[in-house]
1. Which of (1) modelled with pLDDT under 95; (2) within 16 Å of the ligand (Cβ to nearest atom) does Gly211 not meet, given it meets every other one?
2. Could you check region 161-180 and list, in sequence order, the residues that are at pLDDT below 95 and either within 16 Å of the ligand (Cβ to nearest atom) or of a type outside the set (Ser, Thr, Tyr) (or both)?
3. So, in region 367-412, of the ones that are at positive phi and surrounded by fewer than 20 Cβ atoms within 10 Å (Cβ to Cβ), which residue ends up modelled with the highest pLDDT?
4. Kindly establish whether Ala277 is touching a residue at least 60 places away in the same chain (Cβ under 8 Å) and within 16 Å of the ligand (Cβ to nearest atom).
5. Criterion first (assigned to a helix (DSSP H, G or I) and within 15 Å of the ligand (Cβ to nearest atom)) does Arg304 satisfy it?
6. Would region 54-71 turn up any residue that is assigned to a strand (DSSP E or B), within 16 Å of the ligand (Cβ to nearest atom) and of a type in the set (Val, Ile, Thr)?
7. Got at least one residue in region 70-80 being farther than 23 Å from Leu349 by Cβ, without any contact (Cβ under 8 Å) to a residue 24 or more places away in the chain, of a type in the set (Asp, Glu) and not assigned by TED's automatic domain parsing to the domain that holds Val379?
8. Look through region 94-126, keep the residues that are without any contact (Cβ under 8 Å) to a residue 60 or more places away in the chain and more than 17 Å from Tyr68 (Cβ to Cβ), and return whichever of them is nearest to the chain's Cα centre (by Cα).
Amino acid sequence: MDCILNQTHFLNARLADGTVADLTVAGGRFSAIAPAGNAARSGAVDLAGRLVLPAFVEGHIHLDTSFYGDAWRPHVPCANGFDVRERVAFQMRNLEQAAPMAERAKNQLELCVGHGSLAMRSHVMVDAAVGLKHVETILAVREKYRDLIDIQLVAFPQSGILSSPGTAELLDEALKLGCDLIGGLDPASFDRDVKGHLDVVFGLAEKHDAGVDIHLHDRGTLGLFEIEEIVARTTASGMQGKVVVSHAYGLGDISADALAGAGERIAAAGVAIMTNAPGDHPFPPVAALRKAGVTVFAGSDNIRDSWWPYGDGDMLNRANMIGYRSGFYEDWELEAAYDVVSHAGARALGLEGYGIAVGAKADFVALKAEHVPEAVVAVPTERTVYRAGREVARGGKVSFLGCPIYRSPDIA
Ligand SMILES: [Zn+2]
């Protein structure tokens, strides 16, 4: 059986520009987009004026450490305010009692797909204690779900690099096994050696021709200093467009003057910034950075894990949070919040064939909203998700329709 439908027609799709169109999908991609009103075709799907958006981009998640679908783990606060090292210790303790990782990862994946994300970047923990166990498990999960969702994996040194002997070698091995990017973690506050930490990260990136995605929680001028170092190395190694700083809290609490200069340099180096607009941290000013030309994208980050109890895997809800926390009210601002979880994410992840356009992959979401601003504020839950023109989820639930290419033993 041919897994990709030869041709499918979707009628009365409302596009982001407000027009209503008929879409034709052939070989999993849009082959024609024409004004609505063409004669009804047998087997066509009538979208009845639903807004059609390209599938959302979940740009930062941790598939290995969530307890979503597992037993509830009450949050334990740090003794003296947020401390990454202490949270990692809580996490190790929790993970020892958790359900099998593949099962928890599957729960999280299906949650995200159900809400309309069909591309994802997951960080996967690598350190001396867990070795490559997490990487091996999540690589297998990715393989199982490859026809449903595109997943990039980051080899993530959750316990630092220099302060966790043997980690650099394990990261090297993780990239050989199939991770796409090399991660990092607070080079200053965690490893207390910015140069040493970034030498390993950029050295491995060069060796494996891999992208870079660094967790940076350090705030204020310390965080800004680290960002400037990352920017300089990106330019020096010709890695423009392949480097991300995740969280970058430091950009959220520096002066407007400092931010203006930093924004220009970040944009010029093609370094993207990921934010999930976390509730109790200053976060990068989305509007100012976008104005400077920086690609700002988003992810759920932690979902019901040892870091916080929140998270629902819904990138449209994330756009709502980003807009709310950024004080976005006007339509163009709400559209910017949506861009952060869609097109900007696709740019940051280097996705090919993204969007609603002839030639693009027919990975899309149909939902009840008049336009993008309404979708961002209303966050409609009634959604249908299509992968390569095939329905894969409805009402938040993954719903395969019998195509072998999308079938996976775990979700049959
Ligand atoms: Zn993270």
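1. The failed condition is (1).
2. Pro165
3. The extreme case among them is Val379.
4. No, not satisfied.
5. No: the conditions fail for Arg304.
6. Within region 54-71 (the criterion being assigned to a strand (DSSP E or B), within 16 Å of the ligand (Cβ to nearest atom) and of a type in the set (Val, Ile, Thr)), the answer is yes, since at least one residue qualifies.
7. The answer is no; no qualifying residue exists.
8. Val126
The values are calculated or read from the model by the stated rules, or taken from the named source; none is laboratory data. Please read these numbers as outputs of a predicted model, since none were measured by experiment. Reconstructed Cβ throughout: ideal geometry from the backbone, glycine too, with neighbour counts over all protein chains shown.
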